[in-house]
1. So residue 121 ticks every box in (1) in the same structural domain as residue 157 (by TED's automatic domain parsing); (2) modelled with pLDDT under 85 but one. Which box is left unticked?
2. Residue 24 is checked against (1) at pLDDT 80 or above; (2) surrounded by fewer than 11 Cβ atoms within 10 Å (Cβ to Cβ) and fails just one. What number does that condition carry?
3. Go through the stretch 43-87 and report how many residues are in contact (Cβ under 8 Å) with a residue 24 or more places away in the chain and outside any helix (DSSP H, G or I).
4. Tell me which of these residue 67 doesn't satisfy, since it passes every other one: (1) in the same structural domain as residue 237 (by TED's automatic domain parsing); (2) more than 20 Å from the chain's Cα centre (by Cα).
5. Within the stretch 117-128, restricting attention to residues that are in a loop (DSSP other than H, G, I, E, B) and on the phi < 0 side of the Ramachandran plot, which residue is surrounded by the most Cβ atoms within 10 Å (Cβ to Cβ)?
């Protein structure tokens, strides 16, 4: 009956509001944690330096480098947060221009090759056809560096990362496949959440802000595109980025 349907609608609305509030609380908690961590590190290092006026210069330089690293990390987190806020407030405008996607991918592969080579990872690109579409080159470049960079980061030594560029009548599709450690199925629905980490210990070891995937998704959506992820734990991950041609 009508009252029953109204009750169901009210319960659904209440549930959604509760979920939004829980996500907000979790986000605030995560932001506080992420900002506090580098500040705590800097505090410990500075206290250590102040505890003795006669540190050897080499040790002093090492401690100062640690502080500098944490400051850089803090700046990256703040910059990423401000970027996301601008996106959500519709303050971020796209600087669209006709761009060859294959050349853009070649640049990203070249940029990440030293990191891949250091781990003896085979990083390859299959993009035989020249494909030109309108996009914001700088923002898509940032997105691709995040996605392909993650594939390299979480693929063990002697692994492989393969990037394929395809097209159909209406869209281009960029596939990023790796044979890395993979993502547990239970974590897949949350990997685009801000600060979400599949493995906190691994995240601390590899670095990063925990905002790269959230930013990448926002960039793709600004272009009226989509991004999807499938993965098998211990076998690898496949990321598909779809962008409209028009």
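The values are calculated or read from the model by the stated rules, or taken from the named source; none is laboratory data. Here the structure is a predicted model, which means the values were calculated and not measured. All Cβ positions, glycine included, derive from the backbone under ideal geometry; neighbour counts span all protein chains shown.
1. All conditions pass for residue 121, except number (2).
2. Looking at each condition in turn, residue 24 falls short on (1).
3. Result for the stretch 43-87: 0.
4. All conditions are met except number (1).
5. It comes out as 121.
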